[in-house]
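The block underneath contains the structure these notes are about, expressed in structure tokens.
Only the coordinates and a few stated rules stand behind these numbers; no lab work does. Treat the numbers as computed from the prediction; the structure is a model and nothing was measured. No Cβ is skipped: glycine too gets one built from the backbone with ideal geometry, and neighbour counts run over all protein chains shown.
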Amino acid sequence: MTMTRTSRPVGSDGRADLSELNALMAQMTGDEKHSWAATSTLDVLWVLYDRVLRVTPEMAEDRDRFFLSKGHGPMAYYAVLAARGFLAREELPRFGVFRSPLGHHPDRMLVPGVEISSGSLGHGLPLAVGTALGLRARGLADSDVWVLLGDGELDEGSNHEAIAYAGRVGLDRLKVVVIDNASASHGWPGGIEARFAVEGWSTARADARDHGALEAAFKEHSPGRPHVVVAEVEEPSSSH
Amino acid sequence: MPGIMRERFVEVTTDLLDRDERLALVTADLSAKLFDRARSRHPDRVLNLGIREQLLIGVAGGLSLAGLRPIAHSFAPFLVERPFEQIKLDLNHQGAGAVLVSAGASYDIAGGGRSHQAPGDVALLSTLPDWTVHVPGHPDEAEQQLRTAAAAADGLVYLRLSNQGNARAHGLVGGAATGRLRVLREGGAATVVAVGPLADTVLEATAGLDVTVLYAATVRPFDATGLRAALDGQREAAVVLVEPYLAGTSSAEVARALVDLPHRLLALGVGHDELRNYGSPRQHAIAHGLGPAGLRLRISRFLAH
């Protein structure tokens, strides 16, 4: 695939980016007003791909990895991948049809740029622990492994196996962003960060709509410790 | 002989970790101490996660995505049954490769009760595509299967170690194991497929009976061609499966192999009902009808039909 056909990388900053991403998402939903699950991740995904991750469509071996663990509502992810030239924009309108690579949960075997197949909750973080360990064993010491989780997804016990182990072994190339839209049925009294902090992670919190704050939280340096950023998303208003 | 398959696994894996820097070993506390020497030499590639079996498989998948060849090890119920969705999604669905090595098998830990017994492991893995399933009957077979699996560039391999076994490595007679059925004895009335550790018992049970005995140390993929070849020239297409895990686990494979051939099948193995008894593995074998007398009785009845 040639990149010229697909990539008109969206500019560097601000609202123009999001309006273009909204247009790309509209190709999948047929609607400029998107499902809540998709839009709640859009800002976070964009800031990661635009300002943080060292990854290009060439997928170099020493790239940073991004694992979308919360795989439902992947339209924002597909839009960002298309905007960054990983994925042909022409694929977007075929979202969900039989021969489309773009399913309602992403499949790494079908979508260029997608690092893991997800859908069932609680798989991305354990996989990321393995990949971070593997990259370290191979001497690819500069590659970060990012995982996006939802606050509801943290209900899954598999995450807690991973949080405890990664913290205890100081897996500092592991970075997690938790989208917190207060969707966990029984909540997280004391805050999501507390679950990570007690295991030795460094923690940060940011408003998911504030790109500068997200970037600062993502780039906090935490030598010897994995890092978690809780990105707060407001509940959707009725006008959304 | 029996009892040393796991020790051989530790010895061979320790050796392989020294030679192949692509190889990684992941444990969840069980057997971890046996790898202390390997861990001290390769701390980045010999990983003990604590008692975390979902993470065990997730980490194996993640290591594979990072370009390593992971070996994950625990007792069979904690390696296959507890994290089964991780096997389905973190390995198969990701297109990741791994070698899963279990210990304990169906009733090695007879006194441990139901929680430590996994007669359903091979049946569960049979619901997923692309698995090679080895059921070695001797440490030498296990060693060769392990070395081959570890050296492969990729792929999904399950190696089911057991304390039960045969006096000799039937799978290695006349050369390296091939994954194909081997003929241990020839006869005209039926074909008995003996899987892994049960081969010697099957030979004893069928002494003097006019049957062909085949040996399988690898059950997935199932050697349909070998089975067809054995039936060729027999008086009747009558097949007896003797498997050291859940009875009937390979019945569908036999049905597929013989789809165009009217045939009879007797599928023997570990019973479906929970056996609430302790004692020894030998007592469990007998209770499941997998001792020499029980096998002979049921095979003879089947032949008399």
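Cβ crowding within 10 Å ranks A:Ser183, A:Ser19, A:Ser202 as A:Ser19, A:Ser183, A:Ser202, fewest other Cβ atoms first. Once you have a ≥ b ≥ c as the square roots of the Cα gyration tensor eigenvalues for chain B, tell me rounded if a/c is under 1.5, and otherwise prolate or oblate according to whether a/b is larger than b/c. Because a/c hits 1.5 or more and a/b exceeds b/c, chain B counts as prolate.
If we count every other residue with Cβ under 11 angstrom of B:Ser102's Cβ, Lys/Arg +1 and Asp/Glu -1, where does the sum land? Local net charge: -1. Overall, the protein assembly as shown carries a charge dipole of about 1360 debye about its Cα centre when +1 sits on the Cβ of Lys and Arg and -1 on the Cβ of Asp and Glu, all other atoms neutral. Residues whose amide H falls under 5 Å from that of B:Thr218, counting only those 5 or more places apart or on a different chain, are B:Val135, with hydrogens built in the peptide plane. What pairs in A:Lys175/A:Lys219; B:Lys33/B:Lys88; A:Lys175/B:Lys33 have C-alpha atoms more than 19 Å from each other? Those over the limit are B:Lys33/B:Lys88; A:Lys175/B:Lys33.
Mind running the shape call on region B:5-160? Use the C-alpha gyration tensor, a ≥ b ≥ c as the square roots of the eigenvalues: rounded below 1.5 for a/c, prolate if a/b tops b/c, oblate otherwise. Note, shape of region B:5-160 comes out rounded. Less than 5 angstrom separates the built amide H of B:Leu184 from those of B:Val213, B:Leu214, B:Tyr215, all sequence-distant by 5 or more or on a different chain. Applying 1/(1 + (r/R0)^6) with R0 = 25 Å to the Cβ-Cβ distance of B:Ala224 and B:Ala153 gives a FRET efficiency near 0.45. Taking Cβ atoms as reference points and 14 Å as the exclusive limit, the residues near B:Thr201 contribute a net charge of +2, counting Lys and Arg as +1 and Asp and Glu as -1.
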